[in-house]
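**Student:** My questions will all concern the structure given below.
The values are calculated or read from the model by the stated rules, or taken from the named source; none is laboratory data. Remember, it's a predicted structure, so these values are computed and weren't measured experimentally. Neighbour counts run over all protein chains shown; Cβ positions are idealised from the backbone, glycine included. Heavy atoms of the whole protein, side chains included, go into the accessibility calculation; ligands, DNA and RNA do not. Shrake-Rupley method; radii C 1.70, N 1.55, O 1.52, S 1.80 Å.
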Amino acid sequence: MTGPYVIGCDVGSQGTNTALYSADGKLVASAYQSYDVLFPHPGWAEQDPREWIDALHKTIRLVLEYVEPSAVKAVSFGSQLDGMVACDAHGRPLRNAIIWMDRRAEAQAAAVRQRLPPESFYMHTGTNLDSSHAVFKALWIKDEEPEIFAQTKKLLPPGSFVVQEAAGVAMVDYSNASSLALLDHRTRRWSDDVIGAVDLEAAMLPELVPGTHGIGPITEAFASATGLARDTCLVVGCGDEMAATLGAGVFAPGEVCDVVGTAEPVCAVSSAPREDRTMLVECHPHGDPNSWLLENPGFVSGGNLRWWRDQLCSPDDQYDDITAPAAGVAPGAEGLIFLPCMQGAMAPEWNGAARGVFYGLSLAHTKAHMTRALLEGSAFALRDILEAMTNAGLDVRRLTIVGGGAKSALWRQIKADVTGLPVRVPDNIETTATGAAILAAVGSGVLPDVAAAVSAFVRYGPEEHLPNPEQGAIYDDAYRRYRDVYYALKPMFDG
């Protein structure tokens with residue numbers, strides 16, 4: 001095997017998955033290294049960013065055992081979004097990274113809300129004025145750790161930190177930049193208005209470039225640590241959701257990627273930036289620099305099923321064994337409704353106070369009914385998001401489902417019936433590293449463009465789930481009741 005090859009790295013919050021691909025899109029080898037999330041206080045979540053780098057070093061070295069390192073032409077990253085790394089003048093982290101699931105910056109978000117209304121913030125950035133976004137984590141450091149902030153010269157999302165370690169430059173692609181909530185998503189330039197409103201210096205932010213930008217050779221230190229050749233091209237890459245979407249082959253307008261993991265981010269491709277007046281979906285630049293994503297960052301979905309298994313079934317049960325009896329229950333679960341809000345709601349609205357609910361239980365309902373209602377509840381939340389995308393002017397055409405939840409044929413069919421859209425699944429359902437490899441191939445010139453790379457790297461299973469009109473009619477009524485239940489309980493949540 002002589003190559004050329006490319007490497008894509010999924011730098012996630014649970015671990016790093018590195019995948020080596022040949023130029024024709026065949027997976028040659030992969031390696032994974034996990035690391036810990038630290039929870040120093042309730043609502044806080046941190047990681048030592050040096051663990052990301054150690055994982056990259058080790059996993060890249062492992063996949064290079066299968067090929068001659070000089071045959072690897074490029075490496076790129078799909079990195080966790082909404083994190084913040086405060087670095088000194090030498091690029092060294094001054095404290096642990098504050099990652100995407102951290103909610104400590106509510107006070108900072110509230111303070112910005114007094115200066116810039118949420119609707120204006122959304123129009124400037126395409127994002128909600130929400131403490132999950134990285135700018136508010138930087139403001140928390142500024143307010144609560146002023147001695148660290150005084151030493152801070154660069155504010156980097158995780159993707160920029162790993163690029164800096166690999167290539168020695170502070171750069172960020174448009175998708176990672178958007179997660180800072182400081183980017184004008186329409187022009188793909190930093191928003192002077194928002195930077196002024198949050199009182200940060202633009203010089204602290206990395207340089208903006210497309211995700212396909214080839215920076216050039218990796219540093220001598222990164223080459224030595226990984227075993228890569230010194231002339232390996234480092235391509236900037238993108239956020240993990242965008243990489244997962246590209247790795248699923250979703251780059252054409254109207255295509256939707258449904259990433260069913262612990263949470264369920266939903267991303268739809270648009271050829272132009274769009275705004276959702278309800279602000280249920282955000283607008284971010286895609287990893288493909290020629291398009292944008294309408295995106296909801298994800299309600300708890302697979303996490304609900306895991307909770308159901310661990311608490312009310314057996315942790316040793318297989319998911320197929322748990323969901324199989326639900327296939328024998330009629331659509332609509334005989335009136336039983338589940339609200340998938342176990343950690344707050346991201347649909348039908350963003351509401352951190354909402355909680356999960358089973359509504360309509362009777363003595364006639366069984367565990368199989370409750371399992372079906374749980375699966376259907378996630379499909380109803382997905383429909384909320386798709387309808388918001390449609391109302392923003394996007395012609396939504398098809399669902400591509402990836403992640404662990406894509407393995408369930410029952411869940412796939414429920415989603416087809418609830419949404420009225422055909423559903424397909426790629427052969428490889430863990431697609432983030434694939435998306436990063438696609439950008440590596442394009443940015444290094446191994447392949448000419450994203451369309452050609454997707455054609456080479458992505459293949460789909462033969463089975464496509466088509467919506468059943470009769471079951472769809474039943475679900476139209478069940479969906480209406482799901483929304484009625486949520487809004488009837490909203491005063492209880494908010495109270």
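**Student:** What's the longest uninterrupted piece of the chain once you rule out the GluC sites (Glu not before Pro) that are loop residues per DSSP with at most 15 other Cβ within 10 Å?
**Tutor:** Values: sites that count: E201, E349, E463, E464.
After excluding every exposed loop site, the longest remaining stretch is 1-200.
**Student:** What are the extents of the Cα atoms of the chain along their three principal axes, in Å, largest first?
**Tutor:** Principal extents (Cα only, largest first): 67, 57, 42 Å.
**Student:** Can I ask one more? Might you report the magnitude of the Cβ-based charge dipole of the chain about its Cα centre, with Lys and Arg at +1 and Asp and Glu at -1, to the nearest 20 debye? Let's see the in-between values first.
**Tutor:** Numbers: 38 positive and 61 negative charges, 31 e Å.
Around 140 debye, computed over the chain.
**Student:** Please enumerate, by chain and number, the lysines with C-alpha under 18 Å from the C-alpha of K407, excluding those fewer than 8 residues away in the same chain.
**Tutor:** Here the lysines satisfying the reach criterion relative to K407 are K415.
**Student:** Run lengths n ≥ 4 of DSSP H only: what is the helix-derived mean residue ellipticity at 222 nm for the chain, with -39500 (n - 2.57) per run over all residues, to the nearest 500?
**Tutor:** On the way: 17 runs with 185 residues, N = 495.
Dividing the helical sum by the residues of the chain leaves -11500 deg cm²/dmol.
**Student:** Turning to a different aspect of this structure: Checking the a/c ratio against 1.5 first, then a/b against b/c, what shape does the Cα gyration tensor give for region 263-323?
**Tutor:** Values: a/c = 4.99, a/b = 2.82, b/c = 1.77.
Cα axes put region 263-323 in the prolate bin.
**Student:** Any chance you could give the angle, 0 to 90 degrees and rounded to 10, that helix 302-312 forms with the longest Cα principal axis of the chain?
**Tutor:** So the helix axis and the longest Cα principal axis differ by about 60 degrees.
**Student:** Students sometimes get this wrong: rank H90, H133 by accessible area, probe 1.4 Å, all chains present, largest first. Mind dumping the intermediate values first?
**Tutor:** Numbers: H90 145, H133 5 Å².
Greatest to least solvent exposure: H90, H133.
**Student:** Another one. From the Cα trace of region 40-137, what convex hull volume per residue do you get, rounded to a whole Å³? Write out the running numbers ahead of the final one.
**Tutor:** Details: hull volume 14.7 nm³, N = 98.
For region 40-137, the hull spanned by Cα atoms encloses 150 Å³ per residue.
**Student:** Using only the heavy atoms of the protein chains and a 1.4 Å probe, how would H213, H365 rank by accessible area, largest first?
**Tutor:** Descending accessible area places them as H213, H365.
**Student:** Under a Cβ-only charge scheme (Lys and Arg +1, Asp and Glu -1), can you give me the dipole magnitude of region 266-360 about the Cα centre, in debye to the nearest 20? Walk me through the intermediate numbers first.
**Tutor:** On the way: 5 positive and 12 negative charges, 52 e Å.
For this selection, approximately 260 debye.
**Student:** Can you pull the percent of region 166-279's accessible area that's carbon plus sulfur, 1.4 Å probe, other chains left in place? Don't jump to the answer; show the numbers that get you there.
**Tutor:** Numbers: 1800 of 3680 Å².
About 49 percent, which is the carbon plus sulfur part of the accessible surface.
**Student:** Now a separate question. With every protein chain present, what is the per residue accessible area of region 77-175 (1.4 Å probe, Å²)? Please list the in-between numbers first.
**Tutor:** Values: 3280 Å² over 99 residues.
Ligands and nucleic acids excluded, the figure is 33 Å² per residue.
**Student:** Straight distance only, please: which aspartates and glutamates reach the Cα of K154 with their own Cα at less than 12 Å, same-chain residues fewer than 8 apart left out?
**Tutor:** D88, E201, E207
**Student:** Now, a different point. For region 1-138, build the charge dipole from Cβ charges (+1 Lys, Arg; -1 Asp, Glu) around the Cα centre, then report which of G15, F77, P4 sits farthest towards its positive end.
**Tutor:** Of the candidates, F77 comes out farthest on the positive side.
**Student:** Which of the trypsin sites (Lys or Arg not before Pro) found in region 250-337 are in a DSSP loop and have at most 14 neighbouring Cβ atoms, other than their own, within 10 Å? Kindly include the intermediate steps, with their values, before the conclusion.
**Tutor:** Numbers: sites: R274, R277, R306, R309; in loops: R274, R277.
The qualifying sites are R277.
**Student:** Shifting gears a bit: In degrees from 0 to 90, rounded to the nearest 10, what is the angle of the helix 469-494 Cα long axis to the longest principal axis of the chain?
**Tutor:** Rounded to the nearest ten degrees, it is 80.
**Student:** Once you have a ≥ b ≥ c as the square roots of the Cα gyration tensor eigenvalues for region 219-333, tell me rounded if a/c is under 1.5, and otherwise prolate or oblate according to whether a/b is larger than b/c. Don't jump to the answer; show the numbers that get you there.
**Tutor:** Details: a/c = 2.93, a/b = 1.42, b/c = 2.07.
Oblate.
**Student:** Considering the options P297, S444, L246, tell which one lies farthest towards the positive end of the dipole of the chain, charges being +1 on Lys and Arg and -1 on Asp and Glu at the Cβ, about the Cα centre.
**Tutor:** The Cα lying farthest towards the positive end belongs to L246.
**Student:** How would W140, W100 rank on accessible area, largest to smallest, probe 1.4 Å? Walk me through the numbers on the way to the answer.
**Tutor:** On the way: W140 25, W100 110 Å².
Final ranking, largest accessible area leading: W100, W140.
**Student:** How much of the accessible area of region 337-478, in percent, comes from carbon and sulfur atoms when a 1.4 Å probe is used? Walk me through the intermediate numbers first.
**Tutor:** On the way: 2750 of 5280 Å².
Heavy-atom surface of region 337-478 belonging to carbon and sulfur, 1.4 Å probe: 52 percent.
**Student:** A follow-up question, please. For region 349-495, what percent of Cα pairs sit more than 26 Å apart? Could you put the intermediate results ahead of the total?
**Tutor:** Details: 4354 of 10731 pairs.
Summing the P(r) of region 349-495 above 26 Å gives 41 percent of all pairs.
**Student:** Sticking with this one: Tell me the net charge near G91. Cut-off is 11 Å between Cβ atoms, G91 excluded, with +1 for each Lys or Arg and -1 for each Asp or Glu.
**Tutor:** Details: positive: R92, K153, K154; negative: D88, E165.
Summing Lys and Arg as +1 and Asp and Glu as -1 gives +1.
**Student:** Can you tell me which lysines have their Cα less than 22 Å from the Cα of K153? Leave out same-chain residues fewer than eight positions away.
**Tutor:** Within the straight-line limit of under 22 Å, K153 reaches these lysines: K137, K142.
**Student:** Using a simple charge model, +1 on the beta-carbon of Lys and Arg, -1 on the beta-carbon of Asp and Glu, nothing else, what dipole does region 112-157 show about its Cα centre, in debye to the nearest 20? If you can, show how the numbers build up before the last one.
**Tutor:** Working: 6 positive and 6 negative charges, 37 e Å.
Its charge dipole is roughly 180 debye.
**Student:** Follow-up. Run through region 188-273 and list the trypsin sites (Lys or Arg not before Pro) located in a DSSP loop whose Cβ has at most 16 other Cβ atoms within 10 Å.
**Tutor:** Answer in residue order: R230.
**Student:** Something else about it: Which percent of Cα pairs goes in each bin when the distances of region 278-387 are cut into 5 angstrom slices starting at zero?
**Tutor:** For region 278-387, the binned pair fractions read 2, 12, 19, 20, 18, 12, 8, 6, 3, 1, 0 percent.
**Student:** On C-alpha positions alone, give me the angle between the axis of helix 134-144 and the longest principal axis of the chain, in degrees, nearest 10.
**Tutor:** Value to nearest ten degrees: 70.
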